[in-house]
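These notes are about the structure you will find just below.
Nothing in this text is a laboratory measurement; each read-out follows from the coordinates by a stated rule. Everything numeric here is computed off the predicted structure, so don't read it as measured data. Cβ coordinates were reconstructed from backbone atoms using ideal geometry, including for glycine residues, and neighbour counts include every protein chain displayed.
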Amino acid sequence: MGALKQDVRSVHRIALPYSWTADETARYYVKWLSTFLNPWVKTDLDDELNCRIGFIGNRTLLELRYSAERSTKNRSLYYITGGLLMDSNSNEPGRMEFRKIPGSNEVIIAIHDYLPSIPWFVYYITQANMHTFVMSSFRRPMYKLGVIERDRLGIVASNVR
């Protein structure tokens, strides 16, 4: 019997501006992350929407490859393909997905099948908590952008969290 695969699954539901797509949310997240964690973390997005999340200097924490063939305006899918925080021995890349919930102004941001490079107990008390903090922090500006858009468009608030 093989070792237990301890992969990460994380799901966050976040309100977004009424007219935004999942794709717009993913692009905004990458820019926001670099601003929020400045000067320690920098992000780069290339012409094919692949993303590099780097740490002080030129260390790559995570590389995310955009899957154009599996993405739509309401689903933006990235494969986690490299970086210091990914288990390089993994045969299967993890995924990060932004999916708009139909009929709502909410998006689900999920991580599936991600295998961290650090031991599970260390991941659990460090990287997992940082990820939760970042997602909670991202929720605030998205909510504010939604309020600004509703006010601008005169939309009555519904299913706001």
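In percent, rounded to a whole number, the relative contact order of the chain is 27, using alpha-carbon pairs under 8 Å and six or more apart. Taking Cα atoms only, the orientation of helix 22-36 departs from the longest principal axis of the chain by about 70 degrees. Lysine pair count for the chain with Cα-Cα distance under 27 Å and sequence separation of 8 or more or different chains is 10. With helices as the sole contributors, the chain gives -10000 deg cm²/dmol at 222 nm; each DSSP H run of n ≥ 4 counts as -39500 (n - 2.57), and the sum is divided by every residue. All C-alpha to C-alpha distances of the chain, sorted into 10 Å bins beginning at zero, yield P(r) values of 10, 37, 35, 14, 3, 0 percent in whole numbers. For the stretch 46-76, the residues whose backbone nitrogen is under 19 Å from a point 7 Å from the Cα of MET130, taken along Cα to Cβ, are 51-65. Here the spin labels are modelled as points 7 Å beyond Cα on the Cα-Cβ line, and at PHE55 and LYS31 they lie 2.7 nm apart. Counting other Cβ atoms within 10 Å as a rough exposure proxy, the listed residues THR43, THR25, THR60 run THR60, THR43, THR25 from fewest neighbours to most. With neighbours defined as other Cβ atoms within 10 Å of a residue's Cβ, the residues ILE148, ILE80, ILE14 order from fewest to most as ILE148, ILE14, ILE80. Counting beta carbons within 10 Å around each of LYS31, LYS42 and listing the fewest first gives the order LYS31, LYS42.
Note down the Stokes-Einstein diffusion coefficient of the stretch 18-61 in µm²/s, whole number, using a Kirkwood radius over alpha carbon pairs, 37 °C, and 0.692 mPa s. For these conditions, the coefficient is 297 µm²/s.
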